[in-house]
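A.B. asks: I'd like to ask some things about the structure below.
The values are calculated or read from the model by the stated rules, or taken from the named source; none is laboratory data. Since this is a predicted model, take the numbers as computed values, not measurements. We place every Cβ from the backbone using ideal geometry, glycine too, and count neighbours over all the protein chains shown. Only protein heavy atoms, including side chains, enter the accessible area calculation; ligands, DNA and RNA are left aside. Shrake-Rupley method; radii C 1.70, N 1.55, O 1.52, S 1.80 Å.
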Amino acid sequence: MSSGQGVPTPTHVAIIMDGNGRWAQMRGLPRQEGHRRGLEALRRTVRNASDLGIAVLTLYSFSTENWRRPHAEVSFLMGLLKHFVEKDLTELAGANVQVRVIGSRQDLAPDLRRLVEHAEARTRGNTGLILAIAFNYGSRDEIVRAARQLAADAAAGRIDPSAIDETALAARLDTHDLPDPELVIRTSGETRISNFLLWQAAYAEFVFTPVMWPDFDRAAFEDALAQYRQRERRFGGLSAPSDRSVGVA
């Protein structure tokens, strides 16, 4: 899909959904209410992504570092994932959305792991928006897991160590069959990437919006896309022949 100006609408948008707790605190509400409103924003964003012509939407919902939060909050977030899958799966399947969950499943409770696998299996044949939920996800952990697979393959003689390259490592990442994101959005005004898609976002454009995640609506989404369309995508080169000195993009 093209905007008619600048670069086309991105195929893959990734979002760091941040600000639920601060949104609640600013209103004198418990943090759990912020997370509940954040779930509403997630649903809204999935619908908007489909309407806006996005092919892949990756949402950072729970990081490997989030286990350090208070036990009650972690339990609540786990319950929210269960609620989302149980309540929304039929609607997502009916809307031709394909659900993926990226991240380590080693620390997930058996019932939650089964629910995730069921969601993926039920929507695997869908051909519309790919919704990738990054849950119990950390990019460094993902890269380490990929490196271990390569080491095991090399030790077993299945791959020549000298043949290991970027393609070989990327093929073992959780996102191995997805395009890299062209646009990464972070809400709440923070300007960090917080261990999210470090490999995949090497040439992504970043938009940091002050909008708290529970308030992220279609207007905020369209504003981020408009900012993206004004960027020059050079990938380390020049956009057109020029006498400018070559430097890092």
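A.B. asks: In the stretch 105-128, how many are surrounded by 11 or more Cβ atoms within 10 Å (Cβ to Cβ) and not basic (K, R)?
C.D. replies: 12
A.B. asks: Specify the residue that is farthest from T209 (Cα to Cα); the eligible residues are those in the stretch 169-189 that are of a type in the set (D, E, K, R) and touching a residue at least 24 places away in the same chain (Cβ under 8 Å).
C.D. replies: Once the filter is applied, the top-ranked residue is R172.
A.B. asks: Need pairs with beta-carbon distance below 6 Å; first residue under 25 Å from G103 (Cβ atoms) and within the stretch 145-168, second of a type in the set (D, E, K, R) and in a helix (DSSP H, G or I); sequence gap 6+ or separate chains.
C.D. replies: I159/D153
A.B. asks: Return the residue satisfying two criteria in turn: it lies in the stretch 93-103 and is open to solvent by 20 Å² or more (accessible area, probe 1.4 Å) and in contact with a Ser or Thr (Cβ under 8 Å, 6 or more places away or on another chain), and of such residues it is farthest from R124 (Cα to Cα).
C.D. replies: Within the stretch 93-103, the match that is farthest from R124 (Cα to Cα) is A95.
A.B. asks: I've got another one for you. Looking at (1) at pLDDT 95 or above; (2) open to solvent by less than 30 Å² (accessible area, probe 1.4 Å); (3) within 29 Å of R31 (Cα to Cα); (4) of a type in the set (S, T, N, Q), which is the one condition that is false for T191?
C.D. replies: Result: T191 passes all but (2).
A.B. asks: Give the residues of the stretch 164-221 that are of a type in the set (A, V, I, L, M, F, W, C), closer than 15 Å to I16 by Cβ and not in a loop (DSSP other than H, G, I, E, B), sorted by residue number.
C.D. replies: Once the filter is applied, which keeps residues that are of a type in the set (A, V, I, L, M, F, W, C), closer than 15 Å to I16 by Cβ and not in a loop (DSSP other than H, G, I, E, B), the stretch 164-221 yields L183, V184, I185, F206, V207, F208, W213, A220, F221.
A.B. asks: Write out, first by first residue and then by second, each pair whose Cβ atoms fall under 8 Å of each other, whose residues are 6+ apart or on separate chains, and whose first residue, in the stretch 80-99, is farther than 12 Å from S50 by Cβ and in contact (Cβ under 8 Å) with a residue 60 or more places away in the chain while the second is of a type in the set (S, T, Y) and surrounded by fewer than 17 Cβ atoms within 10 Å (Cβ to Cβ).
C.D. replies: Cβ pairs passing all conditions: none.
A.B. asks: Please state which one of L59, L29, L108 is touching a strand residue (DSSP E or B) at 6+ places or on another chain (Cβ under 8 Å), over 18 Å from G128 (Cβ atoms) and outside any helix (DSSP H, G or I).
C.D. replies: L108 is the lone residue from the list that is touching a strand residue (DSSP E or B) at 6+ places or on another chain (Cβ under 8 Å), over 18 Å from G128 (Cβ atoms) and outside any helix (DSSP H, G or I).
A.B. asks: Listed residues R234, R218; which is open to solvent by 40 Å² or more (accessible area, probe 1.4 Å), at pLDDT 95 or above and out of contact with any strand residue (DSSP E or B) (no Cβ under 8 Å at 6 or more places or on another chain)?
C.D. replies: None of the other options fit; the residue is R218.
A.B. asks: Could I ask something else about it? Restricting attention to the stretch 38-51, and to residues there that are open to solvent by 20 Å² or more (accessible area, probe 1.4 Å) and out of contact with any Leu (no Cβ under 9 Å at 6 or more places or on another chain), which single residue is farthest from T9 (Cα to Cα)?
C.D. replies: Checking each candidate, the answer is E40.
A.B. asks: Please enumerate the residues belonging to the stretch 139-168 that are open to solvent by 30 Å² or more (accessible area, probe 1.4 Å), aliphatic (A, V, I, L, M) and under 25 Å from I193 (Cα atoms).
C.D. replies: I143, V144, A147
A.B. asks: Filter the stretch 52-72 for residues that are open to solvent by 30 Å² or more (accessible area, probe 1.4 Å) and either of a type outside the set (D, E, K, R) or touching a residue at least 60 places away in the same chain (Cβ under 8 Å) (or both) and give the result.
C.D. replies: G53, A55, S61, T64, E65, W67, P70, H71, A72, listed by residue number.
A.B. asks: Can E120 be described as modelled with pLDDT of 90 or more and either within 17 Å of the chain's Cα centre (by Cα) or not in a helix (DSSP H, G or I) (or both)?
C.D. replies: It is true that E120 is modelled with pLDDT of 90 or more and either within 17 Å of the chain's Cα centre (by Cα) or not in a helix (DSSP H, G or I) (or both).
A.B. asks: With (1) modelled with pLDDT under 95; (2) in a helix (DSSP H, G or I); (3) surrounded by 15 or more Cβ atoms within 10 Å (Cβ to Cβ) as the list, and N136 as the residue in question, which single condition is left unmet?
C.D. replies: With respect to (1) modelled with pLDDT under 95; (2) in a helix (DSSP H, G or I); (3) surrounded by 15 or more Cβ atoms within 10 Å (Cβ to Cβ), N136 is out only on (2).
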